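We did not get these values from a lab; they are worked out from the coordinates using the rules stated. Everything quoted here is computed from the prediction, not taken from an experiment. Because the Cβ atoms are built from the backbone with ideal geometry, glycine has one as well, and the counts that use them run over all protein chains shown.
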Amino acid sequence: MLVHNLGLGGLSRMPQEFMRGGSVDRGLMYRTLVENGVLREDQTREIDASVLRVASRDLVAVGDLRAAGLTRPLMDIGVTSFEYDRVTPVGPASQGMAILNLGDRDRVLFSRNAIPVPSTSSQFEMDAREKAAGRHGGGDSVDTINIEAHTRAVAEKLETTLVCGSDVVLGENGLFGYTNADCRHQLSFTGAVWGESGATPIADINAARQVLRDNGHNGPYIVYVGPNLDTTLDEDYKAESERTLRERILSMDGISQVKVLASLPDDNVLVVQMTSDVIQMATAQDITPVTWDLYGGLLTRWAIIHVGTFVIRCAWARNPAQCGGELPDLTTSTGIAHIA
């Protein structure tokens, strides 16, 4: 069963000797289990390979954060909230011939924000007879099919959390995602939903890109679309053209990737700037398999756990003034445009 809460819940009976520096030391755990005859060394490698294979395949939006280096470590799994400051820009610099023309005595202003850091886990158990039956049947005592299935459940929950937010709260603070953050830029399809008569996908992306640039977010962007728009992306952009809609969008300045997100609702499009002032993933414990024995070895419990959060930075932002113009007013925004 998948669990998403603050604290490790059902994992509280996990042996404390596996913990080092506030997180699970997987190497230590495997060495202990091999020495005690619970696992063979080749099984530990098979477990890690299964987890890595599923995580690499199923973490799409989360994988993009990792690929862009938009990650930061948390101290340990005891951290239940992530705090950051919203910073206001200062006014324009002064310019003149006098060296003491120092301008206004301006300072940045800070606004403290906090979001919960949930633990996400999925677990199963096998008793001694089930393990023995697996060996006699030619299988292993470790059911890697279960390992993969529960890793997939955790990966899917993390993807959904990043895209749609979570119902976990800490006090009055919730955890929001790409599609429900208050400071995201909300747009409607210019014509119709992509794939329908009257749709104008390029105009939609242009509008999203422009509203981001108007608020000081100049890319690079990744475009995410809901699953039902996948085939539309690979249709010809226009008659007698050799390019698909996907290729046409990728040719636009600032667009680095176009991807389908299974966790994004149908008829939804996201344009996200992949920089640390927009989005970060803060992690205390990356996706990790944990196992321990109960009842003198008669029962073995397995869990796939992750402890971390996604930080959408709703910041005060504005574009620089254009030639001859005044600085625009400050706006609360982020580098996320949501078309629905």
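Between beta-carbons, use under 14 Å as the cut-off and find the net charge around Ala153, counting Lys and Arg +1, Asp and Glu -1.
That works out to -1.
Run through all the Cα pairs of segment 217-291 and give the fraction in each 10 Å bin from 0, expressed as whole percent.
Cα pair-distance distribution for segment 217-291, in percent: 17, 36, 29, 13, 4, 1.
On a full-extension model of 0.36 nm per residue, what is the gain between Asp167 and Glu242, subtracting their alpha-carbon distance, rounded to one decimal in nm?
That works out to 22.5 nm of additional length.
Report the net charge of residues surrounding Ala68, where surrounding means a beta-carbon distance below 15 angstrom and charges are Lys +1, Arg +1, Asp -1, Glu -1.
+2
Considering only the other residues whose Cβ falls under 14 Å of the Cβ of Ile287, what net charge follows from Lys and Arg at +1 and Asp and Glu at -1?
Net of charged neighbours comes to 0.
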